[in-house]
Structure formats: C-alpha cells, structure tokens
1. For n ≥ 4 DSSP H runs only, could you compute -39500 (n - 2.57) per run for the chain, divide by its residues and tell me the 222 nm figure to the nearest 500?
2. For TYR113, TYR89, TYR204, what's the fewest-to-most ordering of other Cβ within 10 Å of each Cβ?
3. Which label marks the calculated value of Rg and Dmax of the Cα atoms in Å, given the options (i) 20.5, 69; (ii) 17.0, 51; (iii) 18.4, 69?
4. Could you sort 38-46, 70-78 so that the peptide with the highest average Cβ count within 10 Å comes first and the rest follow in order?
5. Where does the charge balance sit around THR85 when Lys and Arg score +1, Asp and Glu -1, over other residues with C-beta under 12 Å from its C-beta?
6. What's the longest uninterrupted piece of the chain once you rule out the trypsin sites (Lys or Arg not before Pro) that are loop residues per DSSP with at most 11 other Cβ within 10 Å?
7. Using the number of other C-beta atoms within 10 angstrom as an exposure proxy, rank LEU180, LEU164, LEU150 with the fewest first.
8. Along the Cα-to-C-beta direction of VAL117, a point sits 7 Å from the Cα; which residues of the range 171-190 have their amide N less than 18 Å from that point?
Amino acid sequence: MHEDALKNFLGVTASISTILQFLTGALVCQKVVNNKSTGDQSALPFVCGCLSTSLWLRYGFFIKDTSIILVNSIGAALFFGYIITFALYSIRKGIICRQVSGCALSLTFILIYIQNVASPQVAQRHLGLICTLMTILFFGAPLVSLMHVLKVRSTESLPFPIILSSFLVSAQWMVYGVLLGDPYVQIPNFLGCVLTGFQLCLFYCFSQGSKGYSSELI
C-alpha cells in the first residue's frame with residue numbers, strides 16, 4: 001500500500017512538473033517574439049518534443065496510464081504551438097519545414113506500423129523501444145548546437161529553462177518508472193538525466209570561463 005501511495009504521489013507530481021517543464025518553452029518563445037528573431041536557437045528541440053510526446057501518448061493508451069496520457073496530450077499541443085512560433089520568426093523556415101515534415105512522416109509511419117503488428121504485446125514492446133529512442137533524442141536535441149557552443153564558448157544558443165527542467169523532470173519519471181517496473185519509462189529518463197546533466201555542466205563551465213576571461217581584460 002505504501003508503494004502504491006508513493007507511485008500515485010510521484011505520478012501526480014511528475015505530471016505537474018512535466019507540464020511546467022513544457023511551459024518553459026513559452027519563455028523561449030516569448031524571447032523570440034520580443035526579439036522578432038530566433039537568433040542561433042534551433043527549433044529541433046520542439047520538433048523532437050512534439051514527436052516524442054505524440055508517441056508517448058500512444059504508449060500511454062497501450063498501458064492505460066492516466067498520468068502519461070494527460071501529460072503528453074498537453075505536451076504535444078504546446079510543442080506544436082512553439083514550432084509555429086519559431087516558423088513565424090525564423091529566417092531558416094526551410095529547415096523548420098523539413099524538420100516538421102520528417103517528424104510528421106516518422107509519426108505516421110510508426111503509428112501505421114504499430115497498428116498492423118499482430119500481437120498487442122509485441123506492438124507495445126516495439127513502441128516502447130521507439131519512445132525510448134525519441135525521448136533520448138529530445139533530451140539530446142539541444143546538443144545540436146554543441147559545436148557552436150564550444151567554438152564561441154557561450155551557451156547563448158542553449159535553452160537553459162528547458163534543459164534544467166528536463167533534468168529535474170527526468171529524475172522524477174525515472175523513479176516513477178522504477179515503481180511501475182517499466183524499463184521503457186526507466187531507461188530513457190535515466191539517460192535524460194545524464195544528457196541534461198552534461199548540458200548543465202556546459203553552463204557552469206562557460207560561465208566560469210567568461211568570468212576568468214573578463215578579469216583578464218580588466
């Protein structure tokens with residue numbers, strides 16, 4: 001009973017934290033709207049987020065988990081809105097269109113494949129593996145700017161609110177996955193902690209480097 005209560009508590013708190021995490025994208029979009037430009041920021045994290053939440057929504061229906069269904073329904077809608085915002089203010093609209101097209105084709109292909117798998121158990125296992133890969137891609141998407149970050153020694157192109165919230169939320173879902181006994185919830189969120197933790201280290205390293213560089217100039 002104690003374990004069930006803990007699982008329910010984590011399901012609720014992880015759901016709330018995840019929705020708040022998704023809402024941090026609004027901070028990024030607000031900055032884009034104010035500047036009337038996306039700058040060096042890529043829309044890929046939002047595109048990957050939209051694909052990931054859409055697939056997790058389907059997985060939620062497979063295992064009949066209310067928390068997963070609710071969170072990913074809201075997440076998919078929010079990420080779609082963020083993509084539209086980036087498309088409106090980006091000078092690289094062609095890149096965003098290709099990313100969105102690839103996302104839509106991938107989602108359609110995966111859902112058709114899952115629908116036509118004979119065994120529900122096999123379909124659930126395959127979809128779980130795909131969701132795991134998509135979640136890892138979502139957590140690692142900001143690293144698409146890694147070479148640029150290392151070159152200019154600045155994390156300006158990395159969305160700090162999303163990375164920090166992703167680290168905290170993935171930790172909660174990892175524990176929830178352990179209580180569920182579901183490796184498809186455990187593994188991607190463990191790797192999410194590792195990937196986002198690495199990205200947070202970049203903020204620390206380069207902020208320290210910037211201070212040192214500034215003091216040398218003085």
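1. -30000 deg cm²/dmol
2. TYR204, TYR113, TYR89
3. (iii)
4. Output ranking for 38-46, 70-78: 38-46, 70-78.
5. +2
6. Between exposed loop sites, the widest span is 65-218.
7. The fewest-first ordering by Cβ neighbours comes to LEU150, LEU164, LEU180.
8. Residues 182-188 qualify, since their backbone N sits under 18 Å from the label point.
Laboratory data are not the source of any read-out in this text; all were calculated from the coordinates shown. The structure displayed is predicted, hence computed values, not measured ones. All Cβ positions, glycine included, derive from the backbone under ideal geometry; neighbour counts span all protein chains shown.
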